[in-house]
Amino acid sequence: MKQIVMMLALAASVFADENLLKQAPDYAVQHWEQEYAELENEIEKRKDQKALSEERVSPSNILNRHSLIWDTDRDALDVVLRRTRALLEHIKAMSNAPDLAESEQELSQLEAAARQTDLAKSPATDAQRLALFKAARALQRQVALANPLLNDIDEILFSKGEGYEGLLQTAPWGQINSVLGRDWTKEDWETYNFKTPEGEKPTDEVKRPGLFVLSGFKTGKPETRPLFMDSKIENGPNAGKLLVNFPGNYQFNFDLSYDGKEVVFAKCLGDRTSYHIFKGNVDGSGLRQLTNCWFPDWDPCFLPNGRIAFISLRRWISARCQSWKPQACGTLFSMKDDGSDLYPISWHETSEFFPTVNNDGMLVYTRWDYIDRDFNAGQHMWTCAPDGRDPRAPHGNYTQPFSTQDETRVLSGELYERPWAEFHIRAIPNTSGKYIGIAGIHHGSTPGVPILIDTSIKDDSALSQIKILRGNNLPREEPRARGLEARYTTPWPLSEDYFLATIYAEAGILSPTNPRILYKPQGIVLMDKFGNTEMLMAGQGLSARPLKSRETPPEIPTATWQGERKGASDHKRATISIMNIYESDLPFPEGTEITDLRIIQVVQKPWSSDIIHRKTMGYSFGGMGRMILGTVPVELDGSAYFEAPVEREIYFQALDSQGMAVQSMRSATYVHPGEQLSCIGCHEEKTRAPSITAAPMAMMRPPSKITPEKVPGAAPFSFARLVQPVLDNSCLPCHHKEGKGFQSSRYADLKEFAFYFDADGGSLGLHPKHGGYRTTPGRFGARESRMGKALLNDTHQKAMQAGDISPDDFHRVVLWLDANSMELGSYHDDEAQRAGKVIWPVLEADPANPTGVEHDRPLP
């Protein structure tokens, strides 16, 4: 006991203010004690060679080595002293650095005391080392809060709203019941304005604030005050009513205006009802309801032009990977800051999340992306203009293996070579192309490992653009495989080196039969790249950010004609231009000449569709519906310029002179009314300037018209109408006579002769033949399938010359094989489709204008 008292006295004596330890808030001390135990455990684990072998991230992908456990770290005290020294030296070198001479002296004394303390394990020595650890953490806290980046931050705005604890493909947890079972009309989802919600009634029993302001966090005596506690809604059906009297959750994600004066957020107005978006001033005045319909609206984000981007379920689409209940997909929308002029700015087929604005004025968000790919393929960073133009994946959308076509068995491995998913992506101030984000998992809630993304570095389809801030592993999809450091969310960058975030604690498991870990917020923390984490407030606190103004990104001019702009005198017909289709990071086969582009529409899956386990569209598990819209010519120099389908998701295939696909996208894009979309090439290398020496030939003429694909069964797609008659009339008579080839035209009997990529969510893209994440040029569709190769052999070429197989027959079979050999084209009336009836998709398809071209607008 005497030794413990002596060491406690030593720990106190090294501080100019010996009461510093006593002044530390209880929640901070509790956090330090938790950290001490965790560090001790991590150091012990490093003695286990098996545990070391599971470290799958190279040291080159760690943002700063100090965040790791070193071989020279004897215990937790060594770690915290090393990290505190790194922090102190870094802050000393900053602009407007505080005078840290006294802190530096105290740190040196602590380091000396640590060297003099016995490391032999015993209750006495453990207590001594823990006492020194707490003293070092108290000093570290003092240094961290002296950071000049905090000088003008006196208050922090945060939410106590609902986090994602369910499946992320779905709307925020609890929203499904608010929209299922309703009789929606075609006009509802064509106008994106739905019936007024019911079941939204205020009560006077409990006040439920959701947004709070934290102050005093630098003093160790934090205080919080609620926003809108006494604020009445000023407009709409709930005008004059107190917002806090309405039951229902607040959504955790909100945004603060660039001038720091307004906040936009989402809240339910009843238990298990839809989220609506509200806007108000940070002083509690001006509270207005911006949206009001059955379908939830959430994730609002201020745009530099004054509009608000947000996520909504108004397009009525659901995930193809759903397996046990409908999983609604929210996508990007935009509206004026008064809630008017509301329209979709994304036509993607699956979920999008967490929109923010980067330093260039572009929207940044997470997008699920699995066009003819495994369901785990892409949940990463995308960008687009604030009006929705030109969605691009600057990072992470393609992983290895690109192809499994030559494999005969399932490949070993998992998606360790990059994050499974990336959430809460925000641009780092005063940088170009650098972002903070959370590496999480495909399913479940969003706590994960904080990462830095640098898009200025060439993407190697692995980790070249990623630096990890905590630990040396990335979260895995298995329920209990996230790892200790996968517990952070909603980071807010103060610089490249310092961040605000929320730290989570484990809160048990979902159920005895489903050991997926549940999490609950533990507090708001200040993080640095050295591995230090300082708690600023304990308890529920999400999406924390400084309550102050920030620089407004540049305003990118609107170049689409949607909403109120639609049909204006300057609204021209939308077009697409490609400078050189041969510009590709995966080269085309030598001698390839591309003559046309085929345009295929991705059919959206409506909520009314059945779940995946009772319906499939083809051989691919969870495969997507599609319509073949038509083709446009490609010039000799590889350029193309053509009228664009609008307000529908599309992808392209590069065709040779026989009309067979050489390359096909495994992602998709879309064009808005009046948009002039331009691409350099076909998966061109992003870091290489295009090799254009003269004006592209296609740009020297008016845009080509789409030559519609008029064969039966192309649009809408139908195996029974497109190819089955060909097989019955032109193929099977000879096959039966010769006893060769397929002997039936039943769809189920043709699988081994067809070509398809699988969307199986459990394969990780590793299944032989049908997996992978990219198309290999020249090894796709008809050219790669048994049936397509047979069509090109001497026997079938002679049959074509003899007229036994017509050009139309050949074309139909090629179309089917190039379209992933699907059976159905719509997500409903499957038996009618199998019977050969024309069944148009419910969503985003127009029988009167299948190509979707703006024929009523003049050419640009």
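Can you work out D for the chain in µm² s⁻¹ from Stokes-Einstein, where Rh is the Kirkwood radius over C-alpha pairs, the temperature is 10 °C and the viscosity is 1.306 mPa s? Here the translational diffusion coefficient equals 54 µm²/s.
When all C-alpha to C-alpha distances in the stretch 364-452 are sorted into bins of 5 Å, what percent of pairs does each bin hold, rounded to whole numbers? Each 5 Å bin holds this share of Cα pairs: 3, 12, 21, 23, 18, 12, 6, 3, 1, 0.
Here the gap between Leu859 and His736, fully extended at 0.36 nm per residue and compared with their Cα-Cα distance, gives a gain of 39.0 nm.
When every Cα-Cα distance of the stretch 645-689 is counted in 10 angstrom steps from zero, the calculated P(r) takes the values 22, 43, 33, 2 percent. Only DSSP H runs of four or more residues enter the estimate; each adds -39500 (n - 2.57), and after division by the residues of the chain the mean residue ellipticity at 222 nm equals -5000 deg cm²/dmol. Seen against the Cα atoms of the chain and their longest principal axis, helix 101-116 is set at about 90 degrees. Percent of C-alpha pairs per 10 Å bin in the stretch 567-834, short distances first: 6, 28, 34, 23, 8, 1, 0. Every Cα-Cα pair in the stretch 84-160 was counted, and those over 15 Å apart are 62% of them. Stretched out straight at 0.36 nm per residue, the stretch from Thr795 to Asp585 would grow longer than its current Cα-Cα span by 72.0 nm.
Given R0 = 30 Å, the distance between the Cβ atoms of Ser495 and Ala568 translates into a calculated FRET efficiency of 0.10. In this structure, the amide hydrogen of Glu262, modeled 1.01 Å from its nitrogen in the peptide plane, lies closer than 5 angstrom to those of Ser257, Val282, counting only residues at least 5 positions away or on a different chain. Modelled this way, with points 7 Å down the Cα-to-C-beta line, the labels at Gln116 and Ser58 are 4.5 nm from one another.
Go ahead and collect, in residue order, the members of the stretch 620-638 whose backbone nitrogen is under 18 Å from a label point 7 Å along the Cα-Cβ direction of Lys705. Flagged as within label range: 629-634. Taking other Cβ atoms within 10 Å as a rough exposure proxy, His672, His66 sort from fewest to most as His66, His672. The H on the amide N of Tyr275, modeled in the peptide plane, is under 5 Å from the matching H of Asp297, each at least 5 residues off or on a different chain.
Taken together, the values in this text are just the output of simple stated rules run on the coordinates, not laboratory data. Computed from a predicted model, the values in this text were never measured in an experiment. Please note: Cβ atoms are built from the backbone with ideal geometry, for glycine as well, and neighbour counts cover all protein chains shown.
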